[in-house]
Amino acid sequence: MSGRHGIPKSRWLPAYVGLYLLFLYFPILLLPIFSFNNASTTTFPLAGFTTKWYVTLWGNSAMLEAARNSMIVGVSVALMSTILGICAARALTRYRFRGKGPATGLIMAPLFLPEIIVAVSLLMILLQLGIELSLVTVILGQVVFCLPYAMSVLISGFDGFDRSLEEASLDLGETAIGTFRRVTLPVVAPAIVSSLLVSFTVSLDEFILAFFLSGTEPTLPVYIWGQLRFAAKLPGVLALGSLMLLISILLLTLSEIIRRRAEYRLRAQGAQHG
Amino acid sequence: MAVLSGAGVEHRPAEPPKSRTRWIASEEASGLALISPTLLYALALLFLPVLIVIAYSFWTQDYLTIDRTFTLENYRTALGEPIYQDLLVRSLVISLVVSVVTVTVSYPIAWFISFHGGVHKNLWLFLITVPCWTSYLLRVMSWKVILGYGGVMNTGLLSIGLIDKPLTTLLYNSNAVVITLVHSWAAFAILPIYVSLEKVDRSLIEAAHDLGDNKVMSFLRVTLPLSLPGVISAFLIVMIPTVGDYVTPKLVGGKDGVMIATAIQAQFGKGANWPLGAALSVTTMVVVSAMAGLVVLALKLTMRLAK
């Protein structure tokens with residue numbers, strides 16, 4: 001068999017891709033499967049269908065509290081990392097200035113540092129300054145961690161922006177703020193929404209920083225970590241995990257759709273301009 | 001997904017400022033002004049904290065008070081005590097093995113998407129990335145459910161008659177840690193390899209075929225060398241974070257799978273020894289950076305020799 005450009009397509013490759021997807025998805029699919037299983041052990045064969053693990057979640061005030069904390073943290077982190085990300089991404093894609101490389105390196109550094117070291121160093125400086133651990137400290141820490149993700153999305157969104165549109169708007173007498181609102185913003189809005197969703201998703205799942213910095217207010221992953229010690233709590237955790245899985249997939253799908261639409265629109269625009 | 005693809009931002013040299021007033025209105029000033037909130041944030045909450053960790057690693061702690069006289073004592077402990085040596089070596093070996101395995105098993109997938117993805121490339125990438133965005137803790141726990149004594153793997157193997165009593169060697173060792181980490185980092189390896197494969201000029205491969213290279217030779221002589229930058233960044237993206245992973249060794253590692261993060265965490269918990277914890281952190285950072293440098297160098301040299 002031969003693909004385009006005479007690049008050979010071997011017969012084993014699709015099989016390998018199938019196996020690989022199985023390896024990727026099997027552990028993820030186990031969570032919802034066992035969350036509906038009518039037994040407190042996680043073994044096959046399944047014991048029957050039940051929704052009781054989901055029902056027990058509603059009465060669980062500690063879990064609901066953790067969920068509320070996660071929401072507060074997630075929304076704040078998404079907003080802060082996106083706002084900070086917009087400043088940096090716009091500066092990097094729009095202007096030339098010295099120190100651009102080191103600045104980018106510093107902001108992107110959390111991708112290239114073991115996370116425990118980011119957590120430990122933040123913990124040290126907070127305790128050193130006498131700042132009490134709380135959701136606020138979790139938010140401050142997670143923003144550092146989410147910035148690289150937000151930046152990546154924003155930079156790729158801002159990069160395709162046609163600068164002459166802005167120049168034309170300014171030439172036609174629009175103010176700088178007006179130009180940003182009426183010309184720049186509509187073009188970059190999808191990247192901003194993507195960045196918000198991605199940062200929220202990253203924050204929702206982030207454990208190490210929350211574990212070190214949350215003090216007495218656990219987020220969902222920290223709550224789950226506490227539950228994992230008790231085998232009897234496992235089905236409840238699986239139900240909670242399945243719900244979080246669903247939310248993450250929804251948010252990511254949404255962000256991907258928005259991103260692709262914008263990409264398509266930009267390409268169509270580019271084609272129009274020749 | 002384009003999450004990691006924008007990481008490499010190009011930077012051109014700026015023109016030198018002519019005079020003060022012109023500088024304020026210049027591109028340079030606008031750029032710096034615009035990036036400064038983010039930069040200050042990163043300086044205050046990343047750069048400064050890391051500096052503090054480095055400072056602490058040269059101090060000593062006497063119960064609750066910190067003695068700020070310069071000493072290398074913590075490094076002597078971190079590098080000299082057999083327990084820390086073992087942990088550090090094990091963490092490095094595990095993360096190297098994880099990176100090699102992840103890059104090896106992911107390369108064909110990236111290749112498949114890039115060369116045979118057709119119009120659905122983005123959909124493929126999305127499919128591959130979704131599992132990696134789902135709860136990390138629960139993914140690790142899922143592997144515990146799969147590999148455990150009464151777990152899915154054992155019950156499966158028992159029911160098809162391959163084994164007659166459950167295997168105890170699946171969970172709580174470094175193999176379990178490796179499997180779980182490979183699963184966690186797969187997509188992060190696929191993305192950079194895919195990006196570099198996309199840049200490979202297809203006509204070069206055609207030319208190699210026309211000149212008589214078979215599939216394997218054209219892959220080794222054209223595709224692989226040209227995708228090397230992607231392979232290197234995939235390697236680093238996997239290796240660096242896995243060295244300091246805390247959750248996986250703790251949940252599936254057992255006694256033989258403990259890694260350095262557990263020791264670091266212990267020094268910041270009760271009975272704390274911050275300076276020792278700091279020294280362990282700095283040692284990990286330095287060693288992992290050195291190893292990253294060596295890996296990059298080694299890969300580049302092998303490729304040059306292969307040509």
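Read the figures in this text as sums done on the coordinates, not as results from a lab. The structure presented is a predicted model; accordingly, all values stated were derived computationally and were not measured. In this analysis, Cβ positions are derived from the backbone assuming ideal geometry, glycine residues included, and neighbour counts consider all displayed protein chains.
Would you please classify the overall shape of the protein assembly as shown from the alpha carbon gyration tensor, given that a ≥ b ≥ c denote the square roots of the eigenvalues, rounded means a/c under 1.5, and beyond that prolate means a/b larger than b/c while oblate covers the rest?
Judged from the Cα gyration tensor, the protein assembly as shown comes out rounded (a/c under 1.5).
Full extension from residue A:47 to residue A:68: what is 0.36 nm times the residue separation minus their Cα-Cα distance, to one decimal in nm?
Difference between extended and current length: 4.3 nm.
Residue B:29 to residue A:171: FRET efficiency via 1/(1 + (r/R0)^6), r the Cβ-Cβ distance, R0 22 Å, to the nearest 0.05?
0.50
I need the phi-derived Karplus couplings for the range B:179-190: 6.51 cos²θ - 1.76 cosθ + 1.60, θ = phi - 60°, integer Hz, Gly and Pro marked x.
Residue by residue, the range B:179-190 yields 4, 5, 5, 4, 4, 5, 9, 3, 5, 5, 7, 5 Hz.
Report the Cα centroid-to-centroid distance between the range A:186-223 and the range A:52-92 in angstrom, as an integer.
5 Å
Kindly flag which residue pairs out of A:233/B:144; B:165/B:250; B:121/B:199 have an alpha-carbon separation exceeding 18 Å in this structure.
Pairs exceeding 18 Å: B:165/B:250.
At what distance in nm do the modelled label points of residue B:149 and residue A:260 sit from each other, each positioned 7 Å from its Cα along Cα→Cβ?
It is 4.7 nm.
Using Cα pairs closer than 8 Å and at least 6 residues apart in sequence, work out the relative contact order for chain B, in percent.
25 percent
Using the membrane-span-like helix rule (whole DSSP H runs, Cα extent along the own axis of at least 24 Å, mean Kyte-Doolittle hydropathy at least 0.0), which helices of chain A qualify?
Span-like helices, by this rule, are A:12-35, A:61-94, A:135-159, A:185-205, A:234-272.
Please compute the modelled spin-label separation between residue B:202 and residue B:217, points set 7 Å along Cα→Cβ, answer in nm with one decimal.
2.4 nm
Can you give the net charge of the other residues whose Cβ lies under 15 Å from the Cβ of residue B:210, counting K and R as +1 and D and E as -1?
0
Return a whole-number percent for the relative contact order of the range A:145-264, with Cα pairs under 8 Å and 6 or more residues apart as the contact set.
Computed value for the range A:145-264: 31 percent relative contact order.
I need the peptides B:86-92, B:295-301 ranked by packing, meaning the mean over residues of other C-beta atoms within 10 angstrom, with the highest value on top.
For the peptides B:86-92, B:295-301, the packing ranking is B:86-92, B:295-301.
For the range B:255-294, what log10 I(q)/I(0) values come out of the Debye formula at q = 0.26, 0.30 1/Å, with one point per alpha carbon and no solvent?
One equal scatterer on each Cα of the range B:255-294 leads to -0.84, -0.93.
Do any chymotrypsin sites (Phe, Trp or Tyr not before Pro) in the range B:27-86 lie in a loop, going by DSSP, with at most 13 other beta-carbon atoms within 10 Å of their beta carbon, and if so which?
When the chymotrypsin sites (Phe, Trp or Tyr not before Pro) of the range B:27-86 are filtered for loop state and at most 13 Cβ neighbours within 10 Å, B:63, B:70 remain.
How well do other chains shield peptide A:15-27, expressed as the mean number of their Cβ atoms within 10 Å of each residue Cβ?
Partner-chain Cβ atoms within 10 Å, mean over residues of A:15-27: 5.
Out of B:211, B:123, B:137, any idea which swings most in a Gaussian network model of chain B, alpha carbons joined below 10 Å?
B:211
Shielding of B:26-34 by partners, i.e. mean partner chain Cβ atoms within 10 Å per residue?
Whole-number average of other-chain Cβ neighbours for B:26-34 is 6.
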